[in-house]
Amino acid sequence: MVEPIATADMLHQVRFPNEGPDYRMARDALLCAEIDLRRQIERVAALRRELPPGGEITQDYEFDSDDGPVKLSELFGDKDTLIVYSFMYGPKMERPCPACTSILDGLDGEAPHVNQRASLVVVARSPMARIRNFASERGWSRLRLLSSGGNDYQHDYHAEAADGSQMPALNLFIRRDGTIRHFWSAELLYAPKDPGQHARHVDSIWPLWNLLDLTPEGRGAATHPKLSYG
């Protein structure tokens, strides 16, 4: 059953100090749109959950970690879902991607909460020591960091271009009856974009843009994360 679109006469009675009737009318119209957006987010999430099984992994990729080699199959632990964020930090890059860094700054705090339901790991192409040094610089202590320097994971799951340049990628894998399959990827990166829009393929896990979208100024076309702010 499709729920009716929200209208102003369905809304709450909360009011804020000194707000005028013009503000309330506009805010209620916006709130109707926000309710519709919430419903659409739920619909999309339901469609995602109903995806049929994706492709079985072609190899049990072996990564380097702080504790030595670890296979992709071992990354699930006692969970049946594995979330893999590909961190754009290749061996030829002098410094990591500032956008990826911004995302991981937030995910480092969220990792223990995520790991209650799914296993979360971060993979980069650089050697493990280099990844760990940068993580220490940022103060990351909760993310499980891995190096894909010895395997083709980044290439196979579209986090590395043919010329070796690094690409942003978020992939999910599932384990069912002992078989590991790809479940979902942030494919908005490859889809057509509306004029003037960013791909927004990982915005749902990126607090920066979600917060700035609430402001009168918005995210701004010239806004880009930096590794440091002077």
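Every read-out reported here was derived from the displayed coordinates using simple, explicitly stated rules and does not represent laboratory data. Quick caveat: nothing in here was measured; it's all calculated off a predicted structure. Cβ coordinates were reconstructed from backbone atoms using ideal geometry, including for glycine residues, and neighbour counts include every protein chain displayed.
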field: Nonlocal amide H pairs with residue 87, under 5 Å, H built at 1.01 Å
entry: 123, 124
message: Based only on other Cβ atoms within 10 Å, what is the fewest-to-most ordering of 80, 22?
response: 22, 80
query: Among 79, 71, which comes first, second and so on when ranked by fewest other beta-carbon atoms within 10 Å?
result: 71, 79
- request: Could you pull the Cα extents of the range 144-218 along its three principal axes, largest to smallest, in whole Å?
  value: 48, 34, 26
Ranking of 148, 73, 65 by count of other Cβ atoms within 10 Å, fewest first: 73, 65, 148
task: Using amide H atoms built 1.01 Å from N in the peptide plane, name the residues 5+ places from residue 180, or on other chains, whose amide H lies under 5 Å from its own.
output: 57
query: Of 76, 167, 116, whose Cα points farthest to the positive end of the dipole of the range 62-187 (charges on the beta-carbon: +1 Lys, Arg; -1 Asp, Glu; origin at the Cα centre)?
result: 116
Rough spin-label spacing in nm, given labels placed 7 Å along Cα→Cβ, for residue 60 and residue 176: 2.1
- prompt: Of all DSSP beta bridges located in the chain, what percent are antiparallel, nearest 5?
  reply: 70
Beta bridges per DSSP with both ends in the range 62-187, % antiparallel, nearest 5: 70
message: Give the list, by residue number, of cysteines in the chain with no other Cys Cβ closer than 4.7 Å, or say none.
response: 32
- request: Enter the Cα centre distance for the pair the range 30-69 and the range 106-167, rounded to the nearest angstrom.
  value: 17
task: Between residue 39 and residue 142, take the C-beta separation as r, use R0 = 35 Å, and let me know the FRET efficiency to the nearest 0.05.
output: 0.60
- request: Could you run the Karplus curve 6.51 cos²θ - 1.76 cosθ + 1.60 with θ = phi - 60° over the range 79-93 and give me ³J(HN,Hα) per residue in whole Hz, x for Gly and Pro?
  value: 9, 9, 10, 10, 9, 10, 9, 8, 8, 6, 8, x, x, 8, 8
